[in-house]
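Undergrad: Before we start, here is the structure in question, set down as structure tokens.
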Amino acid sequence: ASDDIIAGNVSKHAVLPPGYCGQLKKGHLIFDACFESGNLGRVDHITEFEYDLFIRPDTCNPRFRVWFNFTVENVKESQ
């Protein structure tokens, strides 16, 4: 649920369309923030071209989210 506290970073997390249960395909994005200064806590699939990203609060000031540091893999052309 969107009210959940985001405690850690996503780690090589494949974000699939809701209800999809087949093999991972090109275009099913893989997000990773499991590295120093990574701060992506959760990703929700909206459409093939739209995702909601939940950034963890900054370590020393939880009111702010100053940077966005994560990687994305498995994109397809024109995505």
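The values are calculated or read from the model by the stated rules, or taken from the named source; none is laboratory data. All values reported here derive from a predicted model rather than from experimental measurement. Quick reminder, even Gly has a Cβ in these numbers, built from the backbone with ideal geometry, and neighbours come from all protein chains shown. Ligands, DNA and RNA are stripped out before the accessible areas are found, and what is left, the full protein with its side chains, is counted by its heavy atoms. Shrake-Rupley method; radii C 1.70, N 1.55, O 1.52, S 1.80 Å.
Undergrad: Using the Cβ atoms and a cut-off under 12 Å, what net charge is assigned to the surroundings of residue 26, where Lys and Arg are +1 and Asp and Glu are -1?
TA: Cβ neighbours under 12 Å give a net charge of -1.
Undergrad: I would also like to ask the following. Under 9 Å from the Cβ of residue 52, count the other residues' Cβ atoms, weight Lys and Arg +1, Asp and Glu -1, and hand me the total.
TA: Result for the neighbourhood of residue 52: -1.
Undergrad: Then there's this: Along the positive direction of the dipole of the chain (beta-carbon charges: Lys, Arg +1; Asp, Glu -1; about the Cα centre), which of 67, 16, 37 reaches farthest?
TA: 37
Undergrad: Something else now. Given labels modelled 7 Å from the Cα in the Cβ direction, how far is it in nm from residue 68 to residue 30?
TA: It is 2.2 nm.
Undergrad: Right, another one. As an exercise, identify the trypsin sites (Lys or Arg not before Pro) in region 17-79 lying in DSSP coil whose Cβ has no more than 12 other Cβ atoms within 10 Å.
TA: Taking region 17-79 and a limit of 12 other Cβ atoms within 10 Å, the loop trypsin sites (Lys or Arg not before Pro) found are 25, 26, 63, 76.
Undergrad: I would also like to ask the following. Could you work out the local net charge near residue 70, counting Lys and Arg as +1, Asp and Glu as -1, over the other residues with Cβ closer than 13 Å to its Cβ?
TA: Cβ neighbours under 13 Å give a net charge of +1.
Undergrad: With volume of the Cα convex hull per residue in Å³ defined as stated, name the option among [x] 177; [y] 105; [z] 88 computed from the structure displayed.
TA: Only one option fits the structure, namely [y].
Undergrad: Of the accessible area of region 1-71, with the probe set at 1.4 angstrom, what percent is carbon plus sulfur?
TA: About 56 percent, which is the carbon plus sulfur part of the accessible surface.
Undergrad: Order of 28-41, 11-24 by packing, highest average Cβ count within 10 Å first?
TA: 28-41, 11-24
Undergrad: Just need the relative contact order of the chain here, percent rounded to a whole number, with Cα pairs under 8 Å and 6+ apart.
TA: 32
Undergrad: Per residue, how many Å² of accessible area does the chain show with a 1.4 Å probe?
TA: It amounts to 71 Å² per residue over the chain.
Undergrad: Where a Cα-Cα gap under 17 Å defines reach, which aspartates and glutamates qualify for residue 12, not counting those fewer than 8 residues away within the same chain?
TA: Straight-line reach from residue 12, under 17 Å: 32, 36, 44, 52, 73.
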